[in-house]
Structure formats: structure tokens, C-alpha cells
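The values are calculated or read from the model by the stated rules, or taken from the named source; none is laboratory data. Small disclaimer: the values here were computed from a predicted structure and weren't measured. All Cβ positions, glycine included, derive from the backbone under ideal geometry; neighbour counts span all protein chains shown. Protein only, heavy atoms only, side chains kept; ligands, DNA and RNA dropped before computing areas. Shrake-Rupley method; radii C 1.70, N 1.55, O 1.52, S 1.80 Å.
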Amino acid sequence: MSETQKYDHQSIEKKWQEQWEKQKLYATKDDSSKKKFYCLIEFPYPSADGLHVGHPRSYTALDIVARKKRMEGNNVLFPMGFDAFGLPAENYAIKVKKNPADITKKNVERFRLQLKSLGLSFDWSREVVTTDPEYYKWTQWIFLQLYKAGLLYQKEMPINWCPSCKIGLANEEVVAGKCERCGTETGKKNLKQWIFKITQYAQRLIDDLDTVDYLKKIKTQQINWIGKSDGAKVQFRLKDLKYRINVFTTRPDTLFGATYMVLSPEHELVEKLLSEIGNSKEVEKYVKASQNKSDLERTDLAKKKTGVELKGIKAINPASGKEMPVWVADYVLISYGTGAIMAVPAHDERDYEFAKKFNLPIQEVISGGDIKKEFYTGEGKIINSGQFDGLNSKEGIKRITTWIEKEGYGKAEVNYKLRDWIFSRQHYWGEPIPLIHCENCKEREKKTVLIIHGTGNYGRNLWYGWLADELEKLGHEVVAPDMPDPMEPNLDTWLSFLEQYKDKLNENSVIIGHSLGGVAAMQFISKLKKKIGKLILVAPTCRDIDWKAYAKKHPNDPTEYQHKFNQPDIPYDQIHNNTEKIVYFHSDNDHYIPESVPKHYKKVLKADFRMLKGRSHFTILNGGAFTFPEIFEEIVEGSQMPVGIVPVPEKDLPVELPKVKNYEPTDTGESPLAGIKDWVNVKCPKCKGDAKRETDTMPNWAGSSWYFMRYCDPHNAKEFASKKALKYWMPVDLYNGGMEHTTLHLLYSRFWYKALYDLKMVPQPEPYQKRISHGMVLAEDGKKMSKSLGNVVNPDDVIKEYGADTMRMYEMFMGPFAEAIPWDTKGILGVRRFLDKANLLFEKVKKSAEFDRNLVHKTIKKVTEDINEFHFNTAVSALMIMINEMNNQKEVGQEAFEKFLLLLSPFAPHLAEELWKKLGHKESIHLSPWPHFDSNLAKDEEIEFVIQINGKLKDKSMMPTDVTEEDVLQYIERNEKIKKLISDKQVINKIFVPGKLLNIVVK
RNA sequence: GGGCGAGUGGCGGAAUUGGUAUACGCGAUGGACUUAAAAUCCAUUGGUGUUUAUCCACCUUGUGGGUUCGAGUCCCACCUCGCCUACCA
């Protein structure tokens, strides 16, 4: 064959691409009587390097699916866009001193051209670019809806900080202590951050996976990332101290085996206890040292455990009653559970190692191992655990948890690894967060909340701590002091202690008094010379309680002082004068406070009484809970939004990025936007006073968390997408992307979609019906393609030399779609030869020529089914077999050839269209119906029937597919070879598999 | 350490519910065409042995066992590699 026998891919491909575009062949119409099919592929980040050969692999695969679905009569949505915000463009902009917007625009144009040269059937009229203000207007709008729904808060916190990129990183972006992007070791920096309450959705993000069709490993990854564990929260008393240590454990069955406790270095108690311990200097030194350790050091030195004992501090094991030493050690992480553990060295690897190193007692409580030699984490019989001895450990978990709850030491609890999503970025190239900080509004709305705790407790313990955190998330000022001598309180001491907070209080303030603190609160308010907003009493005590009787009933509780507590008459009139409103919470099962108490207060207090069910005395004791949303609600009065932070009004969206001279992030951690005075200074939309814009921008994840919704209605100027369009197109029927996005992008976008579903803005709770993943394309050496290794293959070169059709087919043929496959430039030749053969075969086509119907229908069946299952490589090989068979004939029937072209058209759309038109068709092949197969015709009439002896192949012969056992046995009678082989042996059995084989079992 | 997945020719890889292992392609070798090369076409191509006629026998899907008439496929143990994850209490 000469050069002229190779088809001219350049002119053919250019011609059809132009014609298709002119005819708008792939434009999708919304209102259609046809069944919809939404086929989605992750949109690319338009890097300066251009398209990678990995991109076309998944694009072609989904293009094939989309084209086939279209030919099968579906209304297909197959869109494409660009995810263009983010660090690479910004870093490049800084390097070449240009505007990232200009750079991005250029990159997008290049990408679009490259994608178009592949002949993909995207509906380009629906393209979205996340950096386009018309697009990010709606990203900001959605952000505001979620903000108004109370899903965001701001908190000063140590964030992961990359000293090289000068950017805060989400936990998820730090891989093994290193910056995901640049590989530099990360440190910590304290910054105020906007944070999404994704943890609120943790359970639903797990549960709803049951309703969707994702690859198993993708579901597993999602579940693992959320990391749910069932266990119990248990409270440990400290000997002679008011403080308590809360721990989370998944092994309550080992409670009796806890021999020491460990606090993480960041735990608040470490600082509080410093004055009580003998070796405070040593402890301080240790805490400081571990703060300076990077996450990498703390995790990498996995096996070398360090720690310091808090000398003089003893915790009490509520189960065994034994005293236990308390340590601080950085193998306990502040970010998981409560930041403290009960250590059970006999049945936990880490605790065992620690106990061995520091010579701490090891107490076996589950039999089955040999704890002298090794820890034992398996199941077994419970021993050394009093009343629980003899139980199976699995049963023990349930029984001991129930006992803990009954005795008031804790409660069953679920814990998640997933942490809230840090959303702020201190960078230029991202969507501005559309919020305005207004000091006037803040002063007006901010509440000062004074929490006065009860006996034997401290300021931020239990629900006080939870409530304080929640209020601070909204920007309120919380004063939750540790009251003096809480074990033996004295009213006068308490009142004089509270004096210091007097000046902070005003008509907007709230005072919460719990238990004994309730009495203190009333006394304190009655002496104020001003009015406060609200008094919230939570199960307050009262001198009416018979403390002597109580002490008899509860001999272990240190309540001696209670009846000594000085309670002069409370001047109720004065309290009413000094408060706007009083709310009184009590519980129907408070065994601490008799019913006579609320009865008494009902008589004397003009309060709003609220009865809550089963909250005991509002503490962990006796099964109480840690969170009391009712009390929280009473303070914020329905406002879920942080105070003094005003959403930009919808009519002012988008908040566009201003042009700046300098894109570099600052060393202070502020975004470069902070330096642009004209932009930062605005009037508050609420009070019209002077205010400032938020200068943080959104992370790269924002735009990609909802782009699939915008595709449904991309030009809508009034809504992010119309209800009608969303209802028709959503959910996505097929979503494909890389494994690298199966945790974060999927989790974040599912979270946004669920939140919008709760706001009734989208039609269902899950965005993606089916999710599959593609494998990576590796370099010829089997390594990842990278510039530094110099092994990158440029798709433009391949397309220029061999054509887009060849490129597409080769990417499909190279191996299983889901697996990583190395690129092989020589392998492309085989596919190109196949297409040349197809082109040449056209000369042999005769309208009237006979053809092999079985071959045609077999191939239709194979290709159809393979595409359905994403087995593109074997579909290509079926087409190759068909072409080879047809090539062996002198003439080719036109009908057979047409069917071949139809099957070829999703893979090689240009050549298929060229030959289709050359056959005389007026309409595009891509608008033609997908061929059907006849199952009977797809079956072979004759097969190679196999004769085995003891399962080993001895003979084969062509026979009809439906050959009977008798016929085969007769055949054997006539077969000298088989007869000879079995002549001297005893035939025990004959197994006949219809249409396949006969196995003769001999001895 | 945990989770998921994979080990099949010289290479990429095929193989329905257990039923002819190595489809399809690359590469290689030989031949045709050519002054020659490229391209193309034809033939051969898992291994070993015997025989030189290419008929035959045996072996072969990481290793070792097991279940079965029959195992690449199912079960058990082990080895190797890849990906994700990691002091998650």
C-alpha cells in the first residue's frame, strides 16, 4: 500500500468538525419528549501546559457513551467547562507579573481548541467557566443561602500553613504533613477562618450512599473519610479538684482496664492544671515542644512515644474506683474525640507501648491474649471487671455502656473523623466571599453571655463548653469563668468574684445560671444597678431542698456544703426590675432537684417556664446530654448568622475581584485584597454606616461544588438554574472522574447539594446517580507523566500525526478503562492501521453483495454490551475482528458495512461520518439510530465442540450449537483417537455440557 | 499498621454463571513487492521435549495446598506490586 492509501485525517477531521459546529449537531434542547440522560465528566483545570494525554481518555469514553445514548433515542446532556480559580494560575501570574484573569483566559482558549480538535460531542453552548463573574455570581449566591441557613461560622484557629505557598490549607490538603501542591512541610498559624458545618451532614453523607450507584471502592473511601465510630463518652473525676476529663472510647468494655489517662498537649486542662502540679516547668516545656513539631514529625515518629506525667494529679476510674496517673503526650490528638483518652494498655497497641516505655501498670480485663508478651485487641471473656466478669466483650460493650449511663459517668456516643470544612483562603485568585463586616451592627447585635456554673464544676466543662463554642462561632462574647472553690462554694465569695464582669453587662446581655449557679445569678442580678436582657435559669437549686435527705441518698456526692450555702431571701422584685425576660428550664426527671422547687419558683418568678424531657440535671450525670440546642436557641433567638457580618444584598452580586497591582499573598496571612482601600471600604447594607468587605476568597472547591447544576440552565440571569431545568436534568445519570477526587470533591459537592435540597432549591438529596472512575495514563516508562521527568506525551502531536480518530481509538484500546495504563506510541500504529483498513474496505462495498449476518449481529451485541459496561477496549477489538473478517472477502455487503460504520461512529466519529456520507446518506451518521441485534443471529450456528478426558482437552470438532449428547457419543464411537485413549481404561462418568464440551471421566 | 485492588507470552492486555487459557493489538522472525528502504501484504510466534516435515507428548495464568468430572476464575495460607489512608482511642 502506498502513502496515498492512507486516508487524509487532517482534512477529513477539520471538515466534519466545522460542519458539525455549523449545524449545531450536538446542541441539547431542554424541552423534549425524549428520555433525558445527563452524562457528566469532571471539568478540567486549564493549566498552562495544555491538555495531558490523560484527559482525552475519559473524555472520549464518556463521549462514546453520550453518542451511543443519543443514537439510542435519548435526550443527552453532555457539557464541558473549566474550573479555573486556584493556586497554579495565581503562582504563574506572580511569576510572570501578569493578571491571573488574562492568563486564565488564554489557557481556557487553548484548552477549548484542543478539546474541539478531538471531535468530542460536547454542547459548547453550555460551557461554564468558574472564573467568569456571571458564573461566580451564583457561587456567591449559593454561599449566601448556606450562610443564611446557619451553615457557616468564623473561628480563630490554628490552621495548616504552608510557608512556601503562604496559604492556609484544609486538613485534606495536607498529605503526610506536607503541602499537597508544593511538598513543603507545613506549620501552624492562627487565623480567623470561615468554616462550613459539614459535620452536621456526616451521618446523611454516609446513609444516602445506599441510594446511589457508585463503585464500591468509592463508597468505601467516602465512608472511611467520614470515619464514623460508635462508642461512649465517659467522664473521669480528678481527685480533690473540680476538673473532669472527658474521653471518647470505642471500647467501654475495657473501662476497668484503664490504668492511666492521657491529655493531648493542646488540651485546655493542661494549662488549667499547671498551678496544681509539681512539675509544671517540665510539662510546659513538653507542650511547647510538641506545638513546634510539625504534623509530619508527630505522625512520622509513630513508634517513638513521648510524654510527661502531671505529677500530683490523679484521676479516678469510675468503674474500679482506683486512682490513675494523668499524662500529657502527643500521641493523643486534639482533633479527634475529646482530645483526651483513658489508656487501656492491655488492650490497645499504642497504650501498651506507652505503658511499657514509662513503666505504667497494665491491667488485663479481656481474656484471650497473653498480655505479658503483647497487647490483645481481640474479643474474649471479660475478667477483673466486677459484676461484668464472664460476659463476652462484645456484649460487654453494650452492658457497660448502659451501666455508665445509669450511674451517670457518661453516655453512648457516635464520633466522626470528619471535621468541619475550612473554607477561607487568603489569596487573590478565588471568588470573593460576599460578606461585609460592620462594627456598628456588631456592637448592636452582639450579646455578652455570662455563664455561671454549678457545684463541683468549671467554666467550660460539659454543655457550658459546647454552648460557649456555639455562641462564639456566631461572634457573641461569652464569659464562662471557673468559679472559686466549686467543691465548697460560698455565696459571698462568688458574688464578689462576679463583680469584675459587671461593666460588661448591658440590656443586650444574657446571664445563665445553672443549679447552684442559678441562685448565684439571681443574687448577682438583684444587686446590679442596671438592666440586663435575659436571665436563663437552668434547673436552679433552692434552699427548699432538703440537703440532709439528699446526702443520705447520695453518700458519695460531695454535697455537704450545700445546706451550708448561704441563701438569704432573694429580692425577686429587684430581679424583675433588672431583667427584660426570665426563662426557666427544668427537666421532668431531675432527681437532684425535687418538684417542689420549680413549683416554688413558679409562684415567685415571672418567668417563661420550659419543661424538657429526660434531661436529668442538665449534666452528664445521670444520663444528661452535652448539647442543649433549646438553650442556645433562647439566646440567639433564631438568628443563625454571625453578628455584625452582613450578607452582600443579592442585587449587588457578583462581588467582582478588583484589579490589583500585586497578587502575592502577604506574610501576615491576609489576602492581597486587604490592601485595596477603595474596594474594602463600603457602606453597610444594613445600617448604612462605614463597613469593610471580607477579604478572604473561596477555595478551589467552591466552583466545582455546583457546576453540574449550572449546566442545566447556563444562561439563566435570574437564578442559578431554573427549577424546571433542574427537575428535568438532575440527578446526573453518569459521572466520571479520577480517583483523586473521590473523597473531597465528591463529599463537598454532595454536602452543598444536600444543603440546597433542605432549602428546597434542588429536587433530590443526591446529585450523582452513578459514579465511575478512570485509570491514569502513565508515561511509556510506567511512571507518572511529569515535566521534570521529561516523559510527557503531547496530545496535539499525536492528533497531528495520526488523527483524532486514531488518538480516540487508541486511548480506548490501550487497556481497561478503570486501570492505570502506560502509554505506548508504537501501539497507536495498530489502531491507525485498523482505520486505514476500514477506509480501504469502502472500495469493496457492493450494494447487493452477500454478507455474514452472524458476524454483524455478534459484533453489534458485543459492542453494545461492552459500551454499557465501559469495556471499551474489548469493543474496539470486536470491531477489529469484524474488519478483518470482512477484509478476507472479495466483496462487502453494504448493509454489513453500514452497521460497522454505525458501531464505529462513537469511537471514530470523523471517519465514520466521511464514509457514511460517501455511501450516499444525506443525514449525519451521528443522528442515525443505533443498530439493533437479533439474539438468534448473534449466536453461532456451529461451534468447536470439545472432547475432554479427565478434564483435559483431547479432541475438538465443528458441530452444530445444539448438538445432543447422543450425537456426540456417536461421534466418539467413530473417533479412533479417542477410542484408543480410553480403550484400556474404565469409563466412570460422562459429563455433557450443551454447546460446549463432553468430559469423559476414566480410571 | 488499616482498607481496596492486582499478579496471565518479549510487551499492552482477552477469557459470560467454574467449561477450548493466551482473543485483539504491539513487537519479533521469515517471505512477497522494491534497485534499496519505508509502507503494505502473507506466514510463524507461551514453554519444554521428541521428531525434523511443524505430527505428537508433556508443562504453563505469582507460590503452596484444597474443593470439583473440570479452576486464571471458588476456598485457605503465603509472596510480590500498586493505590488510598494512617498514633482515629
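Remarks
- Lysines with Cα under 19 Å of residue A:372, excluding same-chain neighbours fewer than 8 positions away: A:356, A:357, A:381
- Dmax and Rg, reported as Rg then Dmax, of the stretch A:866-960 (C-alpha, Å): 17.7, 60
- Sequence of A:179, A:687 from largest to smallest accessible area, 1.4 Å probe: A:687, A:179
- Chain A - share of DSSP beta bridges that are antiparallel (%, nearest 5): 60
- Whole-Å distance, taken between Cα centres, linking the stretch A:373-436 and the stretch A:57-115: 43
- Cα gyration tensor shape of the stretch A:735-858, rounded if a/c is under 1.5, else prolate or oblate by comparing a/b with b/c: oblate
- Fraction of accessible area attributable to carbon and sulfur, the stretch A:686-800 (%, probe 1.4 Å): 54
- Each helix, a run of at least 4 DSSP H residues, gives -39500 (n - 2.57); summed and divided by the residues of chain A, these come to -10500 deg cm²/dmol at 222 nm.
- Solvent-accessible area of residue A:543 with every protein chain in place, 1.4 Å probe, in Å² to the nearest 10: 120
- Average projection area in nm² (convex hull over Cα atoms of the stretch A:484-544, one quarter of hull surface): 4.2
- Whole-Hz Karplus values for the stretch A:518-529 come out as x, 5, 4, 4, 5, 4, 4, 5, 4, 9, 6, 9 Hz, taken residue by residue from phi with 6.51 cos²θ - 1.76 cosθ + 1.60 and θ = phi - 60°; glycine and proline positions read x.
- Long-range HN-HN contacts of residue A:81 with modeled amide H, under 5 Å: A:128
- Rounded to the nearest 10 degrees, the angle from helix A:853-868 to the longest Cα principal axis of chain A is 20 degrees.
- All aspartates and glutamates inside 16 Å of residue A:727 as judged from Cα atoms, apart from same-chain residues fewer than 8 positions distant: A:30, A:31, A:713, A:719, A:758, A:766
- Rg and Dmax [Cα atoms of the stretch A:712-804; Å; Rg one decimal, Dmax integer]: 19.1, 53
- Computed about its Cα centre, the charge dipole of the stretch A:107-236 is approximately 380 debye, with only Lys, Arg, Asp and Glu carrying charge at their Cβ.
- Links that overshoot a 32 Å alpha carbon limit, given the list A:34/A:770; A:137/A:686; A:22/A:718; A:188/A:398: A:188/A:398
- Here the stretch A:577-668 was treated as a single set of alpha-carbon atoms; its pair distances binned every 5 Å from 0 give 2, 9, 13, 13, 12, 11, 6, 6, 6, 6, 6, 5, 3, 1, 0 percent.
- Dipole of chain A, positive end: most advanced residue of A:486, A:809, A:307 [Cβ charges, Cα centre]: A:486
- Helix axis angle, A:87-96 relative to chain A longest principal axis, alpha carbon, degrees: 80
- For the stretch A:176-254, the Cβ-based charge dipole about the Cα centre amounts to some 520 debye (Lys, Arg positive; Asp, Glu negative; other atoms uncharged).
- For the stretch A:704-784, the residue among A:768, A:732, A:757 whose Cα projects farthest onto the positive side of the dipole built from Cβ charges is A:757.
- Multiplying the residue separation of residue A:722 and residue A:678 by 0.36 nm and removing their Cα-Cα distance gives an extension gain of 12.3 nm.
- Selection from A:907, A:919, A:877 lying farthest towards where the dipole of the stretch A:846-919 points positive, charges on Cβ: A:919
- Extent along the principal axes, Cα only, for chain A: 114, 86, 52 Å, with the longest axis given first.
- Amide hydrogen neighbours beyond the local backbone of residue A:450, cut-off 5 Å, H modeled: A:479, A:510, A:511, A:512
- Förster radius 30 Å - calculated FRET efficiency between residue A:957 and residue A:890 (Cβ-Cβ, nearest 0.05): 0.55
- The C-alpha atoms of chain A define a longest principal axis, and helix A:825-841 lies at about 50 degrees to it.
- Quotient of C-alpha Rg and 2.2 N^0.38 Å, computed over the stretch A:250-377: 1.04
- Whole-number accessible area per residue in Å² for chain A, which is evaluated in the context of all protein chains at 1.4 Å: 45
- Pairwise alpha-carbon distances in the stretch A:311-458 exceed 26 Å for 50% of all pairs.
- Fraction in percent of alpha-carbon pairs per bin - 10 Å, the stretch A:16-111: 14, 34, 30, 17, 5, 0
- Sequentially through the stretch A:702-710, phi angles give Karplus couplings (6.51, -1.76, 1.60; θ = phi - 60°) of 4, x, 7, 7, 8, 4, 5, 7, 5 Hz, Gly and Pro residues having no value and appearing as x.
- The lysine pair tally for the stretch A:772-879, using Cα distances under 23 Å and a gap of 8 or more places or different chains, is 15.
- Take every pair of alpha-carbon atoms less than 8 Å apart whose residues are at least six positions apart; their mean separation over the length of the stretch A:12-117 yields a relative contact order of 35 percent.
- Packing-based order for A:472-479, A:385-392, A:908-915, using average beta carbon neighbours within 10 Å, highest first: A:908-915, A:472-479, A:385-392
- The alpha-carbon of residue A:192 sits under 21 angstrom from the alpha-carbons of these lysines, leaving out residues fewer than 8 places away in its chain: A:148, A:155, A:166, A:442, A:446, A:447, A:473, A:677, A:692.
- Chain A, relative contact order [Cα under 8 Å, separation at least 6], %: 14
- Percent accessible area from carbon and sulfur atoms, the stretch A:860-1003, protein chains only, probe 1.4 Å: 49
- The dipole here belongs to chain A: it is taken about the Cα centre, uses +1 on the Cβ of Lys and Arg and -1 on the Cβ of Asp and Glu, and is about 520 debye.
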